[in-house]
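Scroll down for the structure; my scribbles are underneath it.
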Amino acid sequence: MKRVLPVLVLLGGAALAGLPPPVLAGAPIPEIGGVVPSLAPMLARVTPGVVGISVRGQVLEQNPLLQDPFFRQFFNLRQQPIERRFQATGSGVIVDAAQGYVLTNYHVVKDATSIEVTTADNRRFRARLIGDDPQTDIAVLQIRGDDLTAVPMGDSDRLRVGDFVVAIGNPFGLGQTVTSGIVSALGRTGLGIEGYEDFIQTDASINPGNSGGPLVNLQGQVVGINTAILAPSGGNIGIGFAIPINMARRVMDEIIRYGAVRRGRIGVEIQDLTPDLAQALGTRETQGAVIARVLPGSPAARAGLKPRDVVVAVDGVPVHSGAELRDRIGLARIGDIVELTIDRQGVEHTIPVRIEEATASQAPLPPR
């Protein structure tokens, strides 16, 4: 009773102040004046383009008992992999109705031998894997059918913390489900989820099976592809992550055009700008990427970039960390010229650099 008493006192004070009396249990619910906001009209346009994905496949696994040399010698066994068949479900979004292109996560279709896509009106299609990119966790599928609905892609660079977003997908195989929330943070990196990280963080509920489904804004545009959650207890705690649609779109275009993603490079080694480094370099910048080394003969060397330069923007868009610079360069089109805004001993310069294709040995590394 002691914990309830303060609430009762507050309610009594509100009534004495001339506010409307509290509604008692069992009393008629008062009518709400005006039009109640609803996401239903927007969802009616978007949900036909969200699909469920079912995969079947097989993987080779090592028997854990055979990892022990004594066990193998005692039973005279040879270490041979075991073939395991699996089934899994996920989500996806149609982004091109004419061509039947579907965006989803790489981890949804990894090792799949057959992929089936189910639309919101319960039509089923055998899907073809056009290509995938493990480093960004993006895969592109294609289905052939009439009257497909595509969901328009938005501009994830225009997202702000606090923007309302909606996650749509197929959690736990239940069927299409909608959850809402806000953008909690932008540019999340260092999570160890993928090679290229620039995640949108959201508190819209994302659960197993939502992977590959769209994160949409209130205009019904895809701004992200849901990919992961932080779940120390095994369930959703309101920390989910989505791949920005601008990154996913660049990867998709590369996959459709070339069958794989060609990584870009300019030939530098980088590290994050820290307060100590900023002081040593004589810059007032607080965020950016410091060039630690310029490789001889590289596009960066030909452009005149130097060690100790601080990259603060690419094509006018601010760069906050080394990982962000690596993502921008690695996913840029081969042959394009980007303008790097650098701070060199407190003086700002703009230097154009041509993007060169990276070989496997030249693939960009995480910043030190």
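A compact table of results
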{"read-out": "Enumeration of residues in the range 279-290 that are free of Cβ contacts under 8 Å to residues at least 24 places away in the same chain and either surrounded by 17 or more Cβ atoms within 10 Å (Cβ to Cβ) or in contact with a Pro (Cβ under 8 Å, 6 or more places away or on another chain) (or both)", "value": "T286"}
{"read-out": "Pairs where the first residue, in the range 112-131, is in the same structural domain as Q99 (by TED's automatic domain parsing) and without any contact (Cβ under 8 Å) to a residue 60 or more places away in the chain and the second is among the aromatic types (F, W, Y) and not in a strand (DSSP E or B), C-beta under 8 Å, 6+ apart", "value": "none"}
{"read-out": "Qualifying residue in the range 356-364 (condition: among the acidic types (D, E), modelled with pLDDT of 90 or more, in contact with a helix residue (DSSP H, G or I) (Cβ under 6 Å, 6 or more places away or on another chain) and within 23 Å of E254 (Cβ to Cβ))", "value": "yes"}
{"read-out": "Filter result for P232 (modelled with pLDDT of 80 or more and out of contact with any Phe, Trp or Tyr (no Cβ under 9 Å at 6 or more places or on another chain))", "value": "no"}
{"read-out": "Matching residues in the range 132-149 - criterion: being buried (at least 22 other Cβ atoms within 10 Å of the Cβ), touching a strand residue (DSSP E or B) at 6+ places or on another chain (Cβ under 6 Å) and either without any contact (Cβ under 8 Å) to a residue 24 or more places away in the chain or not acidic (D, E) (or both)", "value": "A139, V140, L141, I143"}
{"read-out": "D157 vs. criteria outside the structural domain of A323 (by TED's automatic domain parsing) and part of a helix (DSSP H, G or I)", "value": "yes"}
{"read-out": "Matching option when the condition is within 25 Å of D133 (Cα to Cα), small (G, A, S) and surrounded by 12 or more Cβ atoms within 10 Å (Cβ to Cβ), among G335, G322, G304", "value": "G322"}
{"read-out": "Counted residues, the range 104-126 - those being outside any strand (DSSP E or B) and under 17 Å from P48 (Cα atoms)", "value": "5"}
{"read-out": "Matching residues, the range 263-276, being surrounded by 17 or more Cβ atoms within 10 Å (Cβ to Cβ) and over 18 Å from P296 (Cα atoms)", "value": "R263, D272, L273"}
{"read-out": "Residue satisfying condition, being without any contact (Cβ under 8 Å) to a residue 60 or more places away in the chain, within 30 Å of G131 (Cβ to Cβ) and not assigned by TED's automatic domain parsing to the domain that holds D155, within set V314, V310", "value": "V314"}
{"read-out": "Filter result for the condition that a residue is surrounded by 17 or more Cβ atoms within 10 Å (Cβ to Cβ), out of contact with any helix residue (DSSP H, G or I) (no Cβ under 7 Å at 6 or more places or on another chain) and aliphatic (A, V, I, L, M), over V183, V161", "value": "V183"}
{"read-out": "Test set (1) touching a residue at least 40 places away in the same chain (Cβ under 8 Å); (2) within 23 Å of L43 (Cα to Cα); (3) not polar (S, T, N, Q) - V108 fails condition number", "value": "(2)"}
{"read-out": "From T149, T136, residue being of a type in the set (V, I, T), over 25 Å from R45 (Cα atoms) and either in contact with a Cys (Cβ under 9 Å, 6 or more places away or on another chain) or in a loop (DSSP other than H, G, I, E, B) (or both)", "value": "T136"}
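The values are calculated or read from the model by the stated rules, or taken from the named source; none is laboratory data. Computed from a predicted model, the values in this text were never measured in an experiment. Positions of Cβ are generated from backbone atoms using ideal geometry, with glycine treated the same way; all protein chains shown enter the neighbour counts.
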